[in-house]
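**Student:** The following block contains the structure, expressed as structure tokens.
Just so it is clear, none of the values below were taken in a lab; they were calculated from the coordinates. As the structure is a computational prediction, the values presented were derived from the model and not from experiment. Reconstructed Cβ throughout: ideal geometry from the backbone, glycine too, with neighbour counts over all protein chains shown.
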């Protein structure tokens, strides 16, 4: 069965510091992997996605993520966090074998200290 | 470019009342989804549709019904609302597994 684990419920970082949000997945086939961001009271916006090829993918707002098959991980990173990055971040797996479904992790809430 | 539009944005229901949430997409997507978001539980799939006239159960379908009479619309119904259905509901659509596009959400409170 497909599953996504985000082990960090909440992370606090200082503005300008680097950020890494962890994501581990369980899926039998080649995964389609995503990171979405949700600002308070808003819907989900796609940050980046990975299907194949280069395992380091670049996204919007200066975010990047690295796919590591051996570790079943897809961690999100940003070298220097801005106050506007404070939000909820969701990792997701997309599967095509049962009607194109998307499975989400429980999310990581990011607080940025000025 | 509207994308995915959800109606209404907020609603308060009394226990036992019924209501329908409307999701409309203008991207000609085949696939549509209804999720609920609860604190600490992420997004959980309620029902989904792989095309006009089709629906299927997701992870947490109990207490909900759906219909996809038109390709652009996906309706989520609560026949007899319960406090446990207090949540934020998100609709999404996609043309493949490559990306899901989300609406702004509906905040439902059942008292």
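**Student:** Under a 10 Å cutoff between Cα atoms, tell me which one of A:78, A:68, A:49 has the largest fluctuation in the Gaussian network model of chain A.
**Tutor:** Comparing A:78, A:68, A:49 in a Gaussian network model of chain A, the most mobile one is A:68.
**Student:** Counting only the backbone N, which residues of the range B:22-64 are under 14 Å from the spot 7 Å out from the Cα of residue B:107 toward its beta-carbon?
**Tutor:** Correct set: B:37-39.
**Student:** Residue B:7 to residue B:54: FRET efficiency via 1/(1 + (r/R0)^6), r the Cβ-Cβ distance, R0 30 Å, to the nearest 0.05? Before the final figure, lay out each step's value.
**Tutor:** Numbers: r = 22 Å, r/R0 = 0.74.
Efficiency at R0 = 30 Å is approximately 0.85.
**Student:** More than 18 Å apart: what percent of Cα pairs in the range B:46-111 qualify? Provide the component values of the computation, followed by the final result.
**Tutor:** Details: 842 of 2145 pairs.
Distances greater than 18 Å cover 39 percent of the Cα pairs.
**Student:** Sticking with this one: Provide A:104, B:74, B:10 in ascending order of the number of other Cβ atoms located within 10 Å of each residue's Cβ, fewest first. Could you put the intermediate results ahead of the total?
**Tutor:** On the way: A:104 22, B:74 30, B:10 9.
If I rank by nearby Cβ atoms, fewest first, I get B:10, A:104, B:74.
**Student:** For chain B, modelled as a GNM with alpha-carbon contacts under 10 angstrom, which of B:52, B:79, B:99 fluctuates the most?
**Tutor:** Result: B:99 has the largest fluctuation of those listed.
**Student:** When the Cα centres of the range A:44-114 and the range B:16-86 are compared, how far apart do they sit, in Å?
**Tutor:** The range A:44-114 and the range B:16-86 have Cα centres spaced 25 Å from each other.
**Student:** Does a label point 7 Å from the Cα of residue B:70, set along Cα-to-beta-carbon, have any residues of the range B:1-27 with amide nitrogen under 12 Å, and which are they?
**Tutor:** Once the point is set 7 Å along Cα→Cβ of residue B:70, B:23-26 turn out to lie under 12 Å by backbone N, inside the range B:1-27.
**Student:** When the C-alpha atoms of chain A are aligned to their principal axes, what extent does each axis show, in angstrom, from largest down?
**Tutor:** So the three principal-axis extents are 44, 30, 22 Å.
**Student:** With each pseudo-label sitting 7 Å past Cα toward Cβ, what's the residue A:51-residue A:3 distance in nm, one decimal?
**Tutor:** Spacing of the two 7 Å Cα→Cβ label points: 2.8 nm.
**Student:** What residue among A:70, A:39, A:84 shows peak mean-square fluctuation when chain A is described by a Gaussian network model with Cα springs under 10 Å?
**Tutor:** Most flexible of the set in this elastic network: A:70.
**Student:** Any idea what % of Cα-Cα pairs in the protein assembly as shown are farther than 32 Å?
**Tutor:** Values: 4688 of 25200 pairs.
Counting every Cα pair in the protein assembly as shown, those more than 32 Å apart make up 19 percent.
**Student:** Treating chain B as a set of equal point scatterers at the Cα positions, no solvent, please give the Debye-formula log₁₀ I(q)/I(0) at q = 0.10, 0.11 Å⁻¹.
**Tutor:** Scattering profile of chain B, log10 relative to I(0): -0.25, -0.30.
**Student:** Got a sec? How would A:77, B:44, A:69 order by Cβ neighbour count within 10 Å, fewest to most?
**Tutor:** Details: A:77 14, B:44 17, A:69 10.
Fewest-to-most ranking of A:77, B:44, A:69: A:69, A:77, B:44.
**Student:** While we're on this one: Subtract the Cα-Cα distance of residue A:15 and residue A:71 from 0.36 nm times their separation in residues, and report this length gain in nm to one decimal.
**Tutor:** Working: separation 56, 0.36 × 56 = 20.16 nm, distance 2.92 nm.
So the extension gain works out to 17.2 nm.
**Student:** Would you mind ranking B:43, A:56, A:76 by Cβ crowding within 10 Å, fewest neighbours first?
**Tutor:** On the way: B:43 28, A:56 11, A:76 22.
Starting with the residue having the fewest Cβ neighbours, the order is A:56, A:76, B:43.
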